[in-house]
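So the structure is just underneath, and the comments pick up after that.
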Amino acid sequence: MDKIDSKQYLAQMIEQYQNLIFSICVNKTKDYFIAEDLTQETFLSAFQNLGSFDGKNEKAWLCRIATNKCIDYNKQAARRMIPTEDTELGQFPASGEGPEKDYIEREVYTELKEQCSRLKPPYDKIAAMYFVEEKRADEIAEITRKNLKTVQTQIYRARAMLRKMYGKERG
């Protein structure tokens with residue numbers, strides 16, 4: 001084929017098979033934009049190899065070129081996927097916002113537990129359950145077998161005592 005005939009033949013193939021080739025590429029790559037590029041590469045490759053094409057079953061020939069282009073792309077894409085630091089570190093979930101925050105939380109927890117133990121009974125146990133163990137007032141009432149209103153009053157008073165203790169430390 002001479003150049004003019006081969007260009008016309010390519011134009012006819014593009015007109016007739018571009019949607020088919022594009023759909024093959026989209027199906028194989030799952031990416032619209034990559035499929036557009038691979039469709040162009042398929043027709044470019046077909047144009048470059050028109051001299052070796054026997055002219056029989058051009059549809060199957062173009063589909064085979066498109067499939068091979070997609071297979072090559074997918075192999076290259078797999079090789080391009082180099083694990084980054086974020087990917088590697090993502091396997092180990094962080095326990096908090098960092099070691100400093102974890103340390104501070106432990107210190108605050110220890111200090112709060114110690115301050116609760118310094119309160120007079122029954123406020124010491126009520127405060128420990130409410131502030132340290134983070135139990136709800138109704139749970140504490142059930143555990144201690146006390147009236148809910150009594151427990152709520154003791155929590156209120158324990159909170160006031162803790163505020164006073166923390167105020168003395170700061171002053």
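The values are calculated or read from the model by the stated rules, or taken from the named source; none is laboratory data. Predicted model, so just to flag it, every value in this text is computed and none were measured. Glycine also receives a Cβ, built like all others from the backbone with ideal geometry; neighbour counts cover every protein chain displayed. Only protein heavy atoms, including side chains, enter the accessible area calculation; ligands, DNA and RNA are left aside. Shrake-Rupley method; radii C 1.70, N 1.55, O 1.52, S 1.80 Å.
Quick notes on this structure:
- Where a label projected 7 Å from the Cα of GLN16 along Cα→Cβ would reach, residues of segment 39-69 with amide N under 12 Å: 55-62
- Solvent-accessible area of ARG118 with every protein chain in place, 1.4 Å probe, in Å² to the nearest 10: 140
- Calculated FRET efficiency for the pair TYR32/GLU105, C-beta based, R₀ 45 Å, to 0.05: 0.45
- Counting only lysines at least 8 places from LYS101 when in the same chain, those with an alpha carbon closer than 21 Å to its own are LYS113.
- Distance in nm between pseudo-label sites at ASN57 and LYS168 (7 Å out along the Cβ direction from Cα): 9.5
- The modelled label-to-label distance for the pair PHE47/ALA160, using points 7 Å beyond Cα in the direction of Cβ, is 8.9 nm.
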